[in-house]
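The values are calculated or read from the model by the stated rules, or taken from the named source; none is laboratory data. Everything numeric here is computed off the predicted structure, so don't read it as measured data. Cβ placement follows ideal geometry from the backbone for every residue including glycine, while neighbour counts extend to all protein chains displayed. Remember, those area values only see protein heavy atoms, side chains included, never the ligands or the DNA or RNA. Shrake-Rupley method; radii C 1.70, N 1.55, O 1.52, S 1.80 Å.
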2 protein chains.
Amino acid sequence: MSVRFSDRIRSMNESPIRKLVPIAAAAKAKGKKVYHLNIGQPDITTPPSFLQSIRDFSQDVIAYATSPGDPKLIDAIIEYYKGYDMHFESDEVLITNGGSEALMFAMMALCDPGDEVLVPEPFYANYNAFSRCINVNVVPITTKAEEGFHLPSEAEIESRITPKTRAIVLSNPGNPTGVIYSREEMDMLSRIVRKHDMSIVADEVYREFVYDGLKYTSFGNLPEIADRVIIVDSVSKRYSACGARIGSLASKNKDFSKQVLKLCQGRLCVPTLEQVGATALYGTPTSYLDEVNEEYQKRRNTLYKALKEMPGVICEEPKGAFYVVIKMPVDDAEKFAVWMLEHFDVNNETTMIAPAEGFYSTPGLGRNEARLAYVLKDEDLAKAMDILKAGLEAYPGRVESAIPAM
Amino acid sequence: MSVRFSDRIRSMNESPIRKLVPIAAAAKAKGKKVYHLNIGQPDITTPPSFLQSIRDFSQDVIAYATSPGDPKLIDAIIEYYKGYDMHFESDEVLITNGGSEALMFAMMALCDPGDEVLVPEPFYANYNAFSRCINVNVVPITTKAEEGFHLPSEAEIESRITPKTRAIVLSNPGNPTGVIYSREEMDMLSRIVRKHDMSIVADEVYREFVYDGLKYTSFGNLPEIADRVIIVDSVSKRYSACGARIGSLASKNKDFSKQVLKLCQGRLCVPTLEQVGATALYGTPTSYLDEVNEEYQKRRNTLYKALKEMPGVICEEPKGAFYVVIKMPVDDAEKFAVWMLEHFDVNNETTMIAPAEGFYSTPGLGRNEARLAYVLKDEDLAKAMDILKAGLEAYPGRVESAIPAM
């Protein structure tokens, strides 16, 4: 006899963002340089206040923090939200282990096993991970590269709703698509959740990453659904502090925080020092965020210009976050990604991309797609794109058109 | 209409360890000093290497760590285990956000909704939290203060096993009971899990806290069930670093780590800096642990001596960890705990205890019991016990005997 693992964990897939890491490691071990477009790990310097405030920490005992989170950090986040005309009280914000735990807790609070959440696909692949391990079913609302990944009609979305649908979970700006939902799309979702008694879990960790002067509206700016909106946030991308793992949940629905507090108590607290550092981060002047935005807009331009020049590649210009999903003229994006690592190089350099199939829950979709993160500095990004272009031309599994068979 | 929260979250209780915190805060606000026996937050100094190694961290970007954990920390833990004659390879250890996440991941990997885990009760109250939020049912094996919380007979344990029982989850040394399981008890559990095709999730975070020269055996020392044992560990108590939130999972069953890695990837990683600090902690000379052990044994003696002198209090001498569960001559331990905070003091000082009902899953059990953590320095502990004794004498809800009616 051997140990029987649960169905829920066996149904989970390896992260499409991280599963090729061992293959990349093997390539690097052979001396090949790998440009990482697979993972949203920015190369931007973390504001030095993060490390400095931690260095200044001088208590003798590294003690538990309070379960809802360090009150100073909660206050700092409340201040930050005011800049977006969102007004939270201290019992409406909870600190979490990254946006990941925030998403997991929100789904646990809203869904029992077998319940459903609507998610525009392609979506952040870990939504699949979180939902499967707690037996929540993701019901996809398919969106398309050709349409810039904007939402389908109200009727089409409503057709996916069942008595088990508890929430719409989405990221805005969108990971992996770079979409920014229009005010009309947001009003449509607002109507839907009111009509069907649902919540919106709004993953807005890329709030500052909006380009071309587009106006950004948070789901926290819609007063008519204030008690139905749960905002997921994180310092990871905003302050280039992915390794701090500090996220948060905010909702005007005080019962939500009250329920989730029980989960927070269950895991006791979020690391004490990281909360000290994150508090300092939220005090960063907004000029830092403006500069970062400018830098990413430049990178977005570099990336998009290069993509437009690749024959057979289909994508719309991404408007936010720092990702884009592209359709490629290949038989299978994962095979292509592996081939790039194992068999292709330009001057001993290659590019790593994330196959997009794991960002879909509809079987078969995304098979010829990849997510690219434009988190490298401009000259590296340009090189990585040249290599990608050359790889697509040389790849033995190249097909005529990126339009999927199905 | 208002948001409907999930049954799973509504079924969760507030942490019995933390639910009285607002009442304690109110008492403190009025100038009352509160001795905290309710929570296992040691006052021992964290080895300075923790903060020092973090202060020395000098990378510009606080980047994601790898999902399984920092290889240096994994190596350090492997080295640590060798001191206990446990031999793990690097793909058999995963770093987690505290022991809490380790326990949650282990249960997710082994149990589907509706599956059961056997847990000797009273048990660490958060086992209830973890299991409820992932719909796993805790089936208690009741143990008693009068018997030093040792296990009942093999037949009695087997009588609780159903086709849905997947694992035995326990802490050894025991939180909240201070029990150390004998080799005979461990062999009994080993027979049971082999016979019924189950796993053992062994929460051994108090491994160094064993007193009176008792010999300690880890579940990792039983080769006949090596592929069925999952060891949960943490730096929290061992190195007085509760706020670091660094735990780990170790198992000779490589399939287990492979499955759980998917959960690790889902939440991306554990904080980068905390792992740097924890790596340094695992390099602490064992003399530190010896000194800490000596200190706690002294405190245990102080506590137990005081308890023996309290009329109507029932408990056996705890042999490990830094807790004890006592039966008190009171109508209701929670009422008593609240009364101590709100209405009782000795020279404006009082004692906070954790009502034990939340450490049981059998309804009604533990109602006149409390968990005391002996984590204060000796003189404070002595004072806290004097106050407790005086409180028990003065309490209006005092009853004749601590023996429960049921």
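Report yes if some residue within segment B:242-265 is over 30 Å from A:ILE246 (Cα atoms), in contact with a Gly (Cβ under 6 Å, 6 or more places away or on another chain) and in a strand (DSSP E or B); otherwise report no.
no
I'm told B:ALA333 meets every condition in (1) open to solvent by 10 Å² or more (accessible area, probe 1.4 Å); (2) modelled with pLDDT of 95 or more; (3) touching a Lys or Arg at 6+ places or on another chain (Cβ under 8 Å); (4) among the aliphatic types (A, V, I, L, M) except one. Can you identify the failing condition by its number?
(1)
Within the set of pairs 6 or more residues apart or between chains, which connect a residue that is under 30 Å from B:VAL61 (Cα atoms) and among the basic types (Lys, Arg) inside segment A:218-244 to a residue that is open to solvent by less than 10 Å² (accessible area, probe 1.4 Å) and assigned to a helix (DSSP H, G or I) with Cβ atoms less than 8 Å apart?
A:ARG238/A:LEU281
Give, as residue ranges, the strands (runs of 3 or more DSSP E) completely inside segment B:285-381 that count at least 1 residues that are of a type outside the set (S, T, N, Q) and over 15 Å from B:ASN175 (Cβ atoms).
The strands (runs of 3 or more DSSP E) meeting that bar are B:323-327, B:349-352.
Does segment B:196-205 contain at least one residue that is in contact with a Gly (Cβ under 8 Å, 6 or more places away or on another chain) and in contact (Cβ under 8 Å) with a residue 60 or more places away in the chain?
Within segment B:196-205, one or more residues are in contact with a Gly (Cβ under 8 Å, 6 or more places away or on another chain) and in contact (Cβ under 8 Å) with a residue 60 or more places away in the chain.
Tally up the residues in segment B:171-192 that are assigned to a helix (DSSP H, G or I) and surrounded by 24 or more Cβ atoms within 10 Å (Cβ to Cβ), please.
Within segment B:171-192, residues that are assigned to a helix (DSSP H, G or I) and surrounded by 24 or more Cβ atoms within 10 Å (Cβ to Cβ) number 1.
Give me the residue from segment A:93-143 that is closer than 18 Å to B:GLN265 by Cβ and touching a Pro at 6+ places or on another chain (Cβ under 6 Å) and, out of that set, farthest from the other protein chains (Cβ to nearest Cβ).
Among residues in segment A:93-143 that are closer than 18 Å to B:GLN265 by Cβ and touching a Pro at 6+ places or on another chain (Cβ under 6 Å), the one farthest from the other protein chains (Cβ to nearest Cβ) is A:PRO122.
Pick from segment A:196-254 the residues that are within 20 Å of B:LEU268 (Cβ to Cβ) and aromatic (Phe, Trp, Tyr): which of them is surrounded by the most Cβ atoms within 10 Å (Cβ to Cβ)?
The qualifying residue surrounded by the most Cβ atoms within 10 Å (Cβ to Cβ) is A:TYR239.
Can we say B:LYS33 is open to solvent by 80 Å² or more (accessible area, probe 1.4 Å) and either within 27 Å of A:PHE50 (Cα to Cα) or touching a residue at least 60 places away in the same chain (Cβ under 8 Å) (or both)?
Spelling it out, B:LYS33 is indeed open to solvent by 80 Å² or more (accessible area, probe 1.4 Å) and either within 27 Å of A:PHE50 (Cα to Cα) or touching a residue at least 60 places away in the same chain (Cβ under 8 Å) (or both).
Taking segment A:255-287 only, how many residues are of a type outside the set (Gly, Ala, Ser) and open to solvent by 40 Å² or more (accessible area, probe 1.4 Å)?
The total comes to 5.
Please state which of the following conditions B:MET328 fails to meet, knowing it meets all the rest: (1) open to solvent by 40 Å² or more (accessible area, probe 1.4 Å); (2) modelled with pLDDT of 95 or more; (3) more than 22 Å from B:PRO22 (Cα to Cα); (4) under 25 Å from the mean Cα position of the chain (by Cα).
(1)
Take segment B:339-370 and flag every residue that is closer than 14 Å to B:ILE17 by Cα and open to solvent by 30 Å² or more (accessible area, probe 1.4 Å).
Passing the criteria: only B:GLU357.
For segment A:48-100, give me each residue that is open to solvent by 30 Å² or more (accessible area, probe 1.4 Å) and in a helix (DSSP H, G or I).
A:SER49, A:GLN52, A:ARG55, A:PRO71, A:LYS72, A:ASP75, A:GLU79, A:LYS82, A:SER90, A:ASP91
Quick one: in segment A:1-19, of everything that is open to solvent by 20 Å² or more (accessible area, probe 1.4 Å) and in a helix (DSSP H, G or I), which residue is farthest from the other protein chains (Cβ to nearest Cβ)?
A:ARG10
Go through segment A:136-153 and report how many residues are assigned to a helix (DSSP H, G or I) and surrounded by 15 or more Cβ atoms within 10 Å (Cβ to Cβ).
Of the residues in that region, 1 qualify.
Looking at (1) within 10 Å of chain B (Cβ to nearest Cβ); (2) assigned to a loop (DSSP other than H, G, I, E, B), which is the only condition A:GLY31 fails?
The single condition A:GLY31 does not satisfy is (1).
Which condition breaks for A:VAL93 when tested against (1) under 21 Å from B:PRO22 (Cβ atoms); (2) free of Cβ contacts under 8 Å to residues at least 12 places away in the same chain; (3) aliphatic (A, V, I, L, M)?
Of everything listed in (1) under 21 Å from B:PRO22 (Cβ atoms); (2) free of Cβ contacts under 8 Å to residues at least 12 places away in the same chain; (3) aliphatic (A, V, I, L, M), A:VAL93 misses just condition (2).
What is the one condition in (1) small (Gly, Ala, Ser); (2) at the interface with another protein chain (Cβ under 10 Å from one of its Cβ atoms); (3) open to solvent by 40 Å² or more (accessible area, probe 1.4 Å) that B:GLY40 does not satisfy?
Tallying (1) small (Gly, Ala, Ser); (2) at the interface with another protein chain (Cβ under 10 Å from one of its Cβ atoms); (3) open to solvent by 40 Å² or more (accessible area, probe 1.4 Å), B:GLY40 fails exactly one: (3).
What tally of residues in segment B:154-170 results from selecting those that are open to solvent by less than 10 Å² (accessible area, probe 1.4 Å) and either among the polar types (S, T, N, Q) or within 14 Å of chain A (Cβ to nearest Cβ) (or both)?
3
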